[in-house]
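Peer 1: The structure's right below; bear with me while I get my questions together.
The values are calculated or read from the model by the stated rules, or taken from the named source; none is laboratory data. Keep in mind that this is a model prediction, so the values were computed, not measured. As a convention, Cβ positions derive from the backbone with ideal geometry for all residues, glycine included, and neighbour counts pool all protein chains shown. With ligands, DNA and RNA removed, areas are computed over all heavy atoms of the protein, side chains included. Shrake-Rupley method; radii C 1.70, N 1.55, O 1.52, S 1.80 Å.
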Amino acid sequence: MKVSILGCYSATPRTITNPTSQVLEINNQMYLIDCGEGTQVQLRKHKIKFSRINQIFISHLHGDHFFGLIGLISTFSLLNRPNDLHIYGPKGIKEIILLQIKLSKSYTKYNLFFHELESDQSELIFEDDKIAVYTIPLKHRVYTNGYLFKEKPGLRRINIDAATGQNIDVCYFNKLKQGSDLKQEDGTVIENETVTFDPLPTQSYAFCSDTVYNEEIIPLIENVDVLYHESTFLEQDIEKCIPTGHSTAIQAATIAKKANVKNLILGHYSTRYSDINLFKKEADTVFEPTFLADDGLVFKF
Ligand SMILES: [Zn+2]
């Protein structure tokens, strides 16, 4: 699992920082999460192939999380993208994007699908044979979702030494990978676990930005491998959290601890602070390991 941070600061783009956008690479597939202004430039800087992005997940309709979307959609069209593009986001996102496309007469040649969200309960919004994506309802100033990406268990793996030792023909390997026992001609049964290994362990990633401290998300993100949780403020500015719909580093770390996650990444820092290391310092008092997102960083787990 690889997380490329394209941008992780709140509010306006600056010469030295970018608003929220990141690419999650899991099971050889890429998913773009949020698309702040300048995301397409950041994708180019990271040398991420545009053609590998077929799903975009938008958390909410504040500009620092989706103002880059129309630009990216337009560039995909100029590049004669052949693939379909699926966009998941709050109800209203289709109207915003289609209005811009309609008035600028810049219809896309590829198929553009919108999956609008309005439930305040977690729901399964995408799945294929390798991954499932669920919403994580968040509490912010507008309707907002985080996203949980969960790998599905793969096939069992053949223990070649054990299988050849039992003279099992390769034509039965698929059956074994699916978990079945093998009945031999003489009636004896070879139990699956004696000739296979468990599937490789699966991984999970939870993206939670923007939100106030909200313990209701804990059951949804329990035991995830990596939690990205916003931490807009330091403790000295905690009184700003409720009116703005944001969290502090310590609040993010508290959620990580209570949900028993394996790793925490902080991001969405207010640009009022010149030293983001203070976010880690505060979070470390509650939960470890905590990592600081920063534009251009790539995390591998
Ligand atoms: Zn916001």
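Peer 1: Counting only residues that are small (G, A, S), assigned by the TED database to the domain that holds Y143 and at pLDDT 95 or above, give me the strands (runs of 3 or more DSSP E) lying completely in the range 185-301 with at least 2 of them.
Peer 2: 204-208
Peer 1: With Q121, Q184 as the choices, which residue is open to solvent by 80 Å² or more (accessible area, probe 1.4 Å) and away from the ligand (no atom under 16 Å from the Cβ)?
Peer 2: Only one candidate passes the filter, namely Q121.
Peer 1: Among the candidates I53, I87, I70, I58, single out the residue that is at pLDDT 95 or above and open to solvent by 20 Å² or more (accessible area, probe 1.4 Å). Let's see the steps before the verdict.
Peer 2: Values: I53 fails: open to solvent by 20 Å² or more (accessible area, probe 1.4 Å); I87 fails: open to solvent by 20 Å² or more (accessible area, probe 1.4 Å); I58 fails: open to solvent by 20 Å² or more (accessible area, probe 1.4 Å).
Every option except I70 fails the conditions.
Peer 1: Quick one: is R81 in contact (Cβ under 8 Å) with a residue 12 or more places away in the chain, over 24 Å from T135 (Cα atoms) and either open to solvent by less than 60 Å² (accessible area, probe 1.4 Å) or not basic (K, R) (or both)? Steps first, please.
Peer 2: Values: in contact (Cβ under 8 Å) with a residue 12 or more places away in the chain: yes; over 24 Å from T135 (Cα atoms): yes; either open to solvent by less than 60 Å² (accessible area, probe 1.4 Å) or not basic (K, R) (or both): yes.
Considered against the rule, which asks whether it is in contact (Cβ under 8 Å) with a residue 12 or more places away in the chain, over 24 Å from T135 (Cα atoms) and either open to solvent by less than 60 Å² (accessible area, probe 1.4 Å) or not basic (K, R) (or both), R81 comes out as yes.
Peer 1: Still on this structure: Does N18 count as open to solvent by 10 Å² or more (accessible area, probe 1.4 Å) and within 17 Å of the chain's Cα centre (by Cα)? Talk me through it step by step, then tell me what you get.
Peer 2: Numbers: open to solvent by 10 Å² or more (accessible area, probe 1.4 Å): yes; within 17 Å of the chain's Cα centre (by Cα): no.
So N18 does not fit the description; no.
Peer 1: Separate question: Could you tell me which numbered condition Y213 fails, if it satisfies all but one of (1) touching a helix residue (DSSP H, G or I) at 6+ places or on another chain (Cβ under 9 Å); (2) aromatic (F, W, Y); (3) buried (at least 19 other Cβ atoms within 10 Å of the Cβ)?
Peer 2: (3)
Peer 1: Now for a separate question. Return the only residue of G267, G245 being closer than 20 Å to S59 by Cβ and in contact with a Lys or Arg (Cβ under 7 Å, 6 or more places away or on another chain). So that I can check it myself, show each step before the final result.
Peer 2: Details: G267 fails: in contact with a Lys or Arg (Cβ under 7 Å, 6 or more places away or on another chain).
Answer to the selection: G245.
Peer 1: Suppose we keep only residues that are hydrophobic (A, V, I, L, M, F, W, C) and under 13 Å from Y88 (Cβ atoms) within the range 133-168. Which one would you say is surrounded by the most Cβ atoms within 10 Å (Cβ to Cβ)?
Peer 2: In this case the residue turns out to be F149.
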